[in-house]
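Asks: For reference, the structure I am asking about is given below.
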Amino acid sequence: MQPTAHLFPRNAQKALADKTLQAALGRATGRFLHHRAEAVAAFPGFGEARERASEIKRQTLAQLDHHLGRFIEEASRRGAVVHVARDAAQAREIAARVAKEEGVTLAVKSKSMASEEISFNVALQEAGIEVVESDLGEYIIQLAGEAPSHIIAPAVHKTREEISRLFERKLGEPPTDSIPALVAMARRHLRAKFLGAGMGVSGANFLVADTGSVVLVTNEGNGRMGTVLPRVHLAVAGIEKVIPRMSDLPTFLRLLPRSASGQPLSSYVSVLTGTRREGDAEGPEKMHILLLDCGRSAILEGKYREVLKCIRCGACLNSCPVYQSVGGHAYGWVYSGPIGAVLTPLLVGLPEAAPLPDASTLCGACGEVCPVKIPLPDFLLELRADMRSQGLKTPGEIAGMKGYAGVMKRAGLLEALERVAGLLAQFFTKGKPVEGLPYPFSGWTERRDFPAAAAQPFRKLWKTRRGVQG
Amino acid sequence: MRDVDEREMLFRRLSAALGRHGSPGGTPSSPAGPTPPPGKESGRISRFAEALTAVGGVVLSGTPEEALPVLGEALRAEGVSALFFPQDDAGAREVAEALIPFGPFTLTTGEEVRGGNPASTAGFRTADAGIAETGTVVESSNRGGTLLPGLLSDVHVALLPSHSVVERMDEAFALYAEDPPRNISLISGPSKTADIEQTLTVGAHGPRKIIVLLV
């Protein structure tokens with residue numbers, strides 16, 4: 001997927017003006033947050049599981065070569081063919097080659113953020129292979145020709161009317177305002193695809209090193225359809241998805257659904273190990289696993305290593321006041337919200353994604369909800385410092401901040417300036433916010449109003465009131 | 001081989017990133033113990049039933065004389081007209097055949113359903129295990145078992161021997177840790193989606209209802 005993260009301010013403005021999106025976002029993030037809070041409160045072991053998961057991930061990353069090596073060895077031993085891609089272009093080439101060599105003409109795919117990173121569908125379509133998204137939300141946005149807007153609710157920005165019109169146009173279905181009817185239509189169309197597909201494509205929520213298993217967590221059950229019925233199973237996953245042991249899975253499964261949607265466990269968890277065995281009633285004859293580096297080994301080397309602990313639950317999105325306001329598309333790439341604001345610059349390069357670390361209020365909510373304790377607020381700050389040292393902040397901004405710091409450190413100077421500002425504000429704006437400052441400060445007010453200085457500085461009010469009371 | 005070269009290069013990048021000199025590093029750290037159970041140790045079956053019911057599942061128990069009419073009624077209420085079961089699953093066959101008088105139901109096969117049987121179906125299968133912690137039914141391809149009854153049908157009826165209900169997920173995975181089959185499937189409720197206007201709707205791809213018959 002081509003990143004447009006550098007357009008964040010423009011994309012955000014568009015999102016803020018979209019009334020349907022605003023209503024949907026408010027409802028979705030509120031609902032997810034509420035359900036998560038309830039599920040966490042109802043499960044006394046959450047805190048401990050969180051500590052443990054964070055520690056397992058930290059230790060695994062510190063020896064990623066070992067664990068990944070074990071995973072490849074065990075998966076291969078059980079009949080899987082493991083491929084490794086350095087970057088997106090190479091991953092696309094491998095995916096297309098595998099599909100062609102397997103004689104696939106139709107592939108069904110369940111949700112995979114990693115596959116979005118490499119524009120997987122484009123690669124197969126260019127090779128003349130039809131790829132159908134099977135997660136309902138993904139299916140809808142694929143029909144509409146759009147990109148997902150939320151990790152676990154990709155079509156959160158669409159209304160039932162829009163979806164009905166889309167099904168009418170693309171699938172020849174009669175119009176309806178019934179959501180169950182829409183779901184039934186999609187089920188019927190997708191069932192035919194599942195039964196006809198030569199290859200099922202999945203992501204991986206976890207890769208289990210000691211058994212070589214690929215683990216999928218879904219509610220719809222599309223992940224299991226696509227990995228039981230078609231002759232070939234291709235799993236696409238980032239190298240950081242590995243966990244050491246099958247016995248580690250329960251810890252992560254206690255955290256992921258609770259953090260994502262507030263469920264104790266998603267409806268379906270599939271642990272898929274190698275190809276079908278002799279005597280098996282069904283299952284794929286061929287299993288391919290495509291492991292993506294795509295910038296991850298570079299992250300592993302640096303100070304942001306812990307971001308690779310992410311299990312893609314989406315809790316940080318829902319808790320983020322910026323995400324709640326602008327939604328996923330504004331972030332301009334695969335990952336959105338706080339995790340996107342950290343991951344995107346690291347995967348596509350800070351110059352490409354420079355505004356994202358600023359798209360945060362640093363309120364800290366993302367760090368609090370993260371089930372694997374990624375220090376997202378620290379990373380956002382750190383990235384801002386990187387932006388500065390890489391010359392990605394304007395000289396005006398740097399000078400302004402220096403000046404601000406200088407004033408704040410000198411109480412006398414601050415008081416004098418406050419008095420002047422208060423008088424000016426009363427005289428020029430009568431206390432109303434300033435909509436446009438003169439150059440060189442005009443950049444500041446392009447997208448926001450500048451609050452007028454109060455007639456009385458807060459510190460003076462504080463002194464007087466306290467004087468009255470005490 | 002391109003893939004092998006690419007793999008080698010990945011491991012070189014990882015070693016460099018981890019500051020290793022020479023080739024891949026030592027043994028992994030010792031396993032962290034399992035997370036403690038969320039509930040108390042007694043009343044496993046009732047905790048299983050409570051957890052599955054909470055996510056929209058139905059749990060039936062009692063003698064066949066008691067359970068079969070209730071099950072038949074539930075299937076009719078769901079509009080089910082055809083029943084199928086794995087050929088080698090004697091328990092599932094017995095229950096499905098015993099339900100015929102409570103119909104109208106016809107028997108069909110997994111292959112017919114796979115071929116696009118248009119009738120509304122209930123798929124029967126004996127489960128490997130149950131998990132009390134999450135109200136989960138565990139089914140797998142172990143010993144050639146088929147997953148189609150819980151995959152393609154409109155209603156899934158899982159036969160669960162009471163003695164195979166374990167307390168925690170850890171115990172369920174331990175059953176397969178030695179030599180995992182191709183497919184271990186944890187089922188905790190009906191197939192569902194909230195992808196349209198965040199409205200919870202069942203039957204997205206798999207069964208819209210799961211009924212567990214404790215045997």
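Here, each number is a calculation from the coordinates, and none is a lab measurement. No experiment lies behind these values; they were computed from the predicted model shown. Cβ placement follows ideal geometry from the backbone for every residue including glycine, while neighbour counts extend to all protein chains displayed.
Asks: Under a point-charge model restricted to the Cβ atoms of Lys and Arg (+1) and Asp and Glu (-1), what is the dipole moment magnitude of region B:95-215 relative to its Cα centre, in debye to the nearest 20? If you can, show how the numbers build up before the last one.
Replies: Values: 8 positive and 14 negative charges, 60 e Å.
Dipole of region B:95-215, to the nearest 20 debye: 280 debye.
Asks: While we're looking at this one, here's another question. Place +1 on the Cβ of every Lys and Arg and -1 on the Cβ of every Asp and Glu in region A:176-258, take the dipole about the Cα centre, and give the residue among A:Ser178, A:Thr251, A:Gly221 whose Cα lies farthest towards its positive end.
Replies: In region A:176-258, that residue is A:Ser178.
Asks: Also, I was wondering about something else. For region B:48-171, take every pair of Cα atoms, bin their distances at 10 Å starting from 0, and report each bin as a whole percent.
Replies: 13, 45, 35, 7, 0
Asks: Can you run phi through the Karplus equation (6.51, -1.76, 1.60; θ = phi - 60°) for region A:164-170 and list ³J(HN,Hα) in whole Hz, with x for Gly and Pro?
Replies: Taking θ as phi minus 60°, the curve returns 4, 4, 5, 5, 4, 6, 8 Hz for region A:164-170.
Asks: How high is the relative contact order of region B:41-214, in percent, counting Cα pairs under 8 Å that sit 6 or more residues apart? List each step's numbers first, then the result.
Replies: Details: 364 pairs, mean separation 46.7, N = 174.
Once divided by the residue count of region B:41-214, the mean separation gives 27 percent.
Asks: Please compute, for the alpha-carbon atoms of region A:6-114, the extent along each of the three principal axes and give them in descending order in Å.
Replies: 48, 40, 29
Asks: Note down, for region A:76-169, the three equivalent ellipsoid semi-axes (square root of 5 times each alpha carbon gyration tensor eigenvalue), biggest first, whole angstrom.
Replies: On the way: eigenvalues 156, 43, 29 Å².
With the √(5λ) rule applied to region A:76-169, the semi-axes are 28, 15, 12 Å.
Asks: Past 24 Å, Cα to Cα, is the threshold; run A:Lys241/A:Lys286; A:Lys409/A:Lys463; A:Lys373/A:Lys393; A:Lys109/A:Lys241; A:Lys309/B:Lys192; A:Lys19/A:Lys111 against it and keep the listed order.
Replies: On the way: A:Lys241/A:Lys286 22 Å; A:Lys409/A:Lys463 20 Å; A:Lys373/A:Lys393 29 Å; A:Lys109/A:Lys241 19 Å; A:Lys309/B:Lys192 28 Å; A:Lys19/A:Lys111 27 Å.
In this structure, A:Lys373/A:Lys393; A:Lys309/B:Lys192; A:Lys19/A:Lys111 lie more than 24 Å apart at Cα.
Asks: Right, something else. Let me check I've understood the local charge: for A:Val215, count other residues with C-beta under 11 angstrom from its C-beta, Lys and Arg +1, Asp and Glu -1. What total comes out?
Replies: Numbers: positive: A:Lys241; negative: A:Asp248.
Here the count lands on 0.
Asks: Now for a different question. For region B:46-125, which GluC sites (Glu not before Pro) pass both filters: DSSP loop (anything but H, G, I, E, B) and at most 10 other C-beta atoms within 10 Å?
Replies: Details: sites: B:Glu50, B:Glu65, B:Glu66, B:Glu73, B:Glu78, B:Glu94, B:Glu97, B:Glu111, B:Glu112; in loops: B:Glu78.
Taking region B:46-125 and a limit of 10 other Cβ atoms within 10 Å, no loop GluC sites (Glu not before Pro) are found.
Asks: Moving on. Compute the orientation-averaged projected area for chain A from the convex hull of its Cα atoms and round it to one decimal in nm².
Replies: Working: hull surface 109.8 nm².
Convex hull of Cα atoms, orientation-averaged projection: 27.4 nm².
Asks: Calculated from DSSP H runs of 4 or more alone, at -39500 (n - 2.57) each and per residue, what is the 222 nm mean residue ellipticity of chain B, nearest 500?
Replies: Details: 6 runs with 62 residues, N = 215.
It comes out at -8500 deg cm²/dmol, rounded to the nearest 500.
Asks: Further question on the same structure: Based on the Cα coordinates of region B:54-106, what is the per residue volume of their convex hull in Å³? Intermediate results must be reported in sequence, preceding the final value.
Replies: Numbers: hull volume 5.0 nm³, N = 53.
So the per-residue Cα hull volume is 95 Å³.
Asks: Still on this structure, please answer the following. Assigning unit charges at the beta carbon (Lys, Arg +1; Asp, Glu -1) and nothing else, what dipole magnitude in debye, to the nearest 20, does region A:2-49 show about its Cα centre? Don't skip to the answer; put the middle values down first.
Replies: Numbers: 6 positive and 3 negative charges, 65 e Å.
With Lys and Arg at +1 and Asp and Glu at -1, about 320 debye.
Asks: With N set to the number of residues, divide the alpha-carbon radius of gyration of region A:1-53 by 2.2 N^0.38 Å and report two decimals. Intermediate values should be presented prior to the final figure.
Replies: Working: Rg = 17.2 Å, N = 53, 2.2 N^0.38 = 9.9 Å.
Against the empirical 2.2 N^0.38 Å value, I get 1.73 for region A:1-53.
Asks: Rounded, prolate or oblate: which fits chain B, taking a ≥ b ≥ c as square roots of the Cα gyration tensor eigenvalues, rounded meaning a/c under 1.5, else prolate when a/b beats b/c?
Replies: On the way: a/c = 2.32, a/b = 1.79, b/c = 1.30.
Prolate.
Asks: Given the -39500 (n - 2.57) contribution per DSSP H run of 4+ residues, what per-residue ellipticity at 222 nm results for chain A, rounded to the nearest 500 deg cm²/dmol? Walk me through the numbers on the way to the answer.
Replies: Details: 23 runs with 248 residues, N = 470.
The helix contribution divided over chain A gives -16000 deg cm²/dmol.
Asks: Let me ask another. Between A:Val369, B:Ala177, B:Leu148, whose Cα lies farthest towards the positive end of the dipole of the protein assembly as shown when Lys and Arg beta carbons carry +1 and Asp and Glu beta carbons carry -1, centred on the Cα centre?
Replies: A:Val369
Asks: I've got another one for you. State the answer as a single residue: which of A:Leu347, A:Val122, A:Thr464 lies farthest towards the positive end of the charge dipole of chain A, with beta carbon charges of +1 for Lys and Arg and -1 for Asp and Glu, about the Cα centre.
Replies: A:Thr464
Asks: Arrange the following residues from fewest to most other Cβ atoms within 10 Å of their Cβ: A:Tyr323, A:Tyr404, A:Tyr304, A:Tyr331.
Replies: On the way: A:Tyr323 27, A:Tyr404 10, A:Tyr304 21, A:Tyr331 32.
Ranked by crowding around the Cβ, least crowded first: A:Tyr404, A:Tyr304, A:Tyr323, A:Tyr331.
Asks: Take the alpha carbon gyration tensor of region A:120-242, find the square roots of its eigenvalues, order them as a ≥ b ≥ c, and report rounded if a/c is under 1.5; if not, report prolate when a/b exceeds b/c, else oblate.
Replies: Details: a/c = 1.92, a/b = 1.71, b/c = 1.13.
Prolate, because a/c is 1.5 or more and a/b exceeds b/c.
Asks: While we're looking at this one, here's another question. Just check region A:370-419 against the gyration tensor rule for me: Cα atoms, a ≥ b ≥ c as the square roots of the eigenvalues, rounded for a/c under 1.5, and otherwise prolate or oblate depending on whether a/b exceeds b/c. Working shown, then result.
Replies: On the way: a/c = 4.59, a/b = 1.81, b/c = 2.54.
Since a/c reaches 1.5 but b/c is at least a/b, the shape of region A:370-419 is classed as oblate.
Asks: Mind putting a number on the dipole of region A:158-206 about its Cα centre? Charges go on the C-beta only, +1 for Lys and Arg and -1 for Asp and Glu, and I need it in Debye to the nearest 20.
Replies: Working: 9 positive and 5 negative charges, 35 e Å.
Its charge dipole is roughly 160 debye.
Asks: Which three lengths, in whole Å and largest first, does region B:127-215 cover when its Cα atoms are put on their principal axes?
Replies: Dimensions of region B:127-215 along the principal axes of its Cα atoms: 43, 26, 24 Å.
Asks: Could you name the aspartates and glutamates whose alpha carbon sits less than 17 Å from that of A:Lys430, not counting residues in the same chain fewer than 8 places away?
Replies: A:Glu418, A:Asp449
Asks: Assuming R0 = 25 Å, what is the FRET efficiency of A:Ala192 and A:Arg169, from their Cβ-Cβ distance, to the nearest 0.05?
Replies: Details: r = 19 Å, r/R0 = 0.75.
After rounding to 0.05, the efficiency reads 0.85.
Asks: Now, a different point. Once the Cα gyration tensor of region A:43-297 is found, what semi-axes does its equivalent ellipsoid get, as square roots of 5 times the eigenvalues, in whole Å, sorted largest first?
Replies: In descending order, the three semi-axes are 30, 23, 17 Å.
Asks: Next up: What's the longest uninterrupted piece of chain A once you rule out the trypsin sites (Lys or Arg not before Pro) that are loop residues per DSSP with at most 13 other Cβ within 10 Å?
Replies: On the way: sites that count: A:Lys303, A:Lys409, A:Arg410, A:Lys430, A:Arg447, A:Arg448.
With a cap of 13 other Cβ atoms within 10 Å, the longest stretch comes to A:1-302.
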